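Engineer: Got a structure for you, written out below as structure tokens; questions coming shortly.
The values are calculated or read from the model by the stated rules, or taken from the named source; none is laboratory data. Computed from a predicted model, the values in this text were never measured in an experiment. Glycine gets a Cβ as well: all are built from the backbone with ideal geometry, and neighbour counts include every protein chain shown.
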Amino acid sequence: MAENESMADVSMLEKARKTGGKIRVGVNECTKALERGKAKYVFIAEDVQPKELVMHLPLLCKEKNIPFSYVKTRKELGEKAGIEVGTTSAAVLDEGEAKKDFEAIQKRLK
């Protein structure tokens, strides 16, 4: 995925959060949302150390047919998710008013 696509995606996380959508933050919450079939989109930070913390998320996303994208830093992902610290991952459960934006991204990814 191109860098500018990734940046556009992460701003949609913020839009979903601010327009009444529901998100879950952190690797455990994302994993639960994926396993329960509630996640609609997942964001994963690229700078997670050790990588083993998040390496199962892309596999789960592919298994459940849930789109995902990478974000450059945990700090940026945390800011867009509305928390003051960095986070490894975030899942969108409800897109809020950003639903059309997420549908466009999903079509482009397919």
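Engineer: Can you go through K107, K62 and tell me which one is assigned to a helix (DSSP H, G or I) and modelled with pLDDT under 90?
Structural biologist: Exactly one residue qualifies, and that residue is K107.
Engineer: Does I83 count as surrounded by fewer than 14 Cβ atoms within 10 Å (Cβ to Cβ) and either in a strand (DSSP E or B) or touching a residue at least 12 places away in the same chain (Cβ under 8 Å) (or both)?
Structural biologist: So I83 passes the test.
Engineer: Taking interchain pairs and intrachain pairs at least six residues apart, which have beta carbon atoms under 6 angstrom, with the first residue in region 21-42 and in contact (Cβ under 8 Å) with a residue 24 or more places away in the chain and the second among the aromatic types (F, W, Y)?
Structural biologist: From region 21-42, the pairs are Y41/F102; V42/F68.
Engineer: Test M1 against the stated conditions and say whether it is under 21 Å from A104 (Cβ atoms), at pLDDT below 95 and assigned to a loop (DSSP other than H, G, I, E, B).
Structural biologist: The answer is yes for M1.
Residue-by-condition table, conditions (1) modelled with pLDDT of 95 or more; (2) within 11 Å of the chain's Cα centre (by Cα); (3) under 15 Å from C30 (Cα atoms); (4) exposed (fewer than 14 other Cβ atoms within 10 Å of the Cβ):
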site	(1), (2), (3), (4)
I44	yes, yes, yes, no
P67	no, yes, yes, no
R74	yes, no, yes, no
T88	yes, yes, yes, no
V92	no, yes, yes, no
A98	no, no, no, no
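Engineer: Could you look through region 40-59, keep only residues that are part of a strand (DSSP E or B) and β-branched (V, I, T), and pick out the one that is farthest from K15 (Cα to Cα)?
Structural biologist: Taking the candidates together, the pick is I44.
Engineer: If A16 meets every condition in (1) among the hydrophobic types (A, V, I, L, M, F, W, C); (2) surrounded by 20 or more Cβ atoms within 10 Å (Cβ to Cβ); (3) at pLDDT 95 or above apart from one, which number is that one?
Structural biologist: (3)
Engineer: Then there is this: What's the total number of residues in region 60-99 that are polar (S, T, N, Q) and either on the phi > 0 side of the Ramachandran plot or out of contact with any helix residue (DSSP H, G or I) (no Cβ under 8 Å at 6 or more places or on another chain) (or both)?
Structural biologist: 2
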